[in-house]
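A.B. asks: Can you read through this structure? Questions will come right after.
The values are calculated or read from the model by the stated rules, or taken from the named source; none is laboratory data. Nothing here was measured: the structure is a model prediction, and the numbers come from that model. Methodologically, a virtual Cβ is constructed for each residue, glycine included, from the backbone with ideal geometry; neighbour enumeration extends over all protein chains shown. Ligands, DNA and RNA are excluded from the accessible area calculation, which covers all protein heavy atoms including side chains. Shrake-Rupley method; radii C 1.70, N 1.55, O 1.52, S 1.80 Å.
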Amino acid sequence: QVQLVESGGGLVQAGGSLRLSCAASGSIFRINAMGWYRQAPGKQRALVATFDRDGSTIYADSAKDRFTISRDNAKNTVSLQMNSAKPEDTAVYYCRVVVASTVYWGQGTQVTVSS
């Protein structure tokens, strides 16, 4: 089993910054992907940014040039630096980790961007 603990959500004003972090623990023997998704009210969960299995990064168009994903392989953590936040970034943000072929989700952390 793999446990994911997210932190860093909260309230931020439009134009501000926020940093989300996710720490993975447990039976981690091969992480194939590690990243962030979000789900806004009334919408489906969608990709924000992720590291793919080859280490490359994939960003949603809405996140490009504003968000930066980073990871610490030694600590099995992945972070999302959110800059120039917009009200439309308001959502529950979920950490997603793929170990071998199994997908694990964090419990989600609320991010609210006020206008």
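A.B. asks: Out of everything in region 60-82 that is acidic (Asp, Glu) and either outside any strand (DSSP E or B) or under 14 Å from residue 94 (Cα atoms) (or both), what residue ends up being most open to solvent (accessible area, probe 1.4 Å)? Full working, then the answer.
C.D. replies: Within region 60-82, the first condition is being acidic (Asp, Glu), and the residues that meet it are 61, 65, 72.
In the following step, the residues that additionally are either outside any strand (DSSP E or B) or under 14 Å from residue 94 (Cα atoms) (or both) were identified as 61, 65.
Numbers: 61: 125, 65: 160 Å².
Only one residue fits best here, namely 65.
A.B. asks: Something else about it: Check 109, 57, 90, 50 and return the single one that is more than 16 Å from residue 18 (Cα to Cα), among the β-branched types (Val, Ile, Thr) and open to solvent by less than 60 Å² (accessible area, probe 1.4 Å). If you could, list the steps in order and put the result at the bottom.
C.D. replies: Numbers: 109 fails: more than 16 Å from residue 18 (Cα to Cα); 57 fails: open to solvent by less than 60 Å² (accessible area, probe 1.4 Å); 90 fails: more than 16 Å from residue 18 (Cα to Cα).
None of the others qualify; the one that does is 50.
A.B. asks: Within region 60-87, restricting attention to residues that are of a type in the set (A, V, I, L, M, F, W, C) and within 14 Å of residue 20 (Cβ to Cβ), which residue is nearest to the chain's Cα centre (by Cα)? Show your work before the answer.
C.D. replies: Kept after step one, since they are of a type in the set (A, V, I, L, M, F, W, C), are these residues of region 60-87: 60, 63, 67, 69, 74, 78, 80, 82, 85.
Now restrict to residues that are within 14 Å of residue 20 (Cβ to Cβ): 63, 67, 69, 78, 80, 82, 85.
On the way: 63: 11, 67: 10, 69: 8, 78: 7, 80: 6, 82: 10, 85: 15 Å.
Ranking the qualifying residues of region 60-87, first place goes to 80.
A.B. asks: Being touching a residue at least 12 places away in the same chain (Cβ under 8 Å) and over 25 Å from residue 115 (Cα atoms) narrows it down to one residue among 48, 103, 12, 78; which is it? It would help to see each step written out before you state the result.
C.D. replies: Details: 48 fails: over 25 Å from residue 115 (Cα atoms); 103 fails: touching a residue at least 12 places away in the same chain (Cβ under 8 Å); 12 fails: over 25 Å from residue 115 (Cα atoms).
None of the other options fit; the residue is 78.
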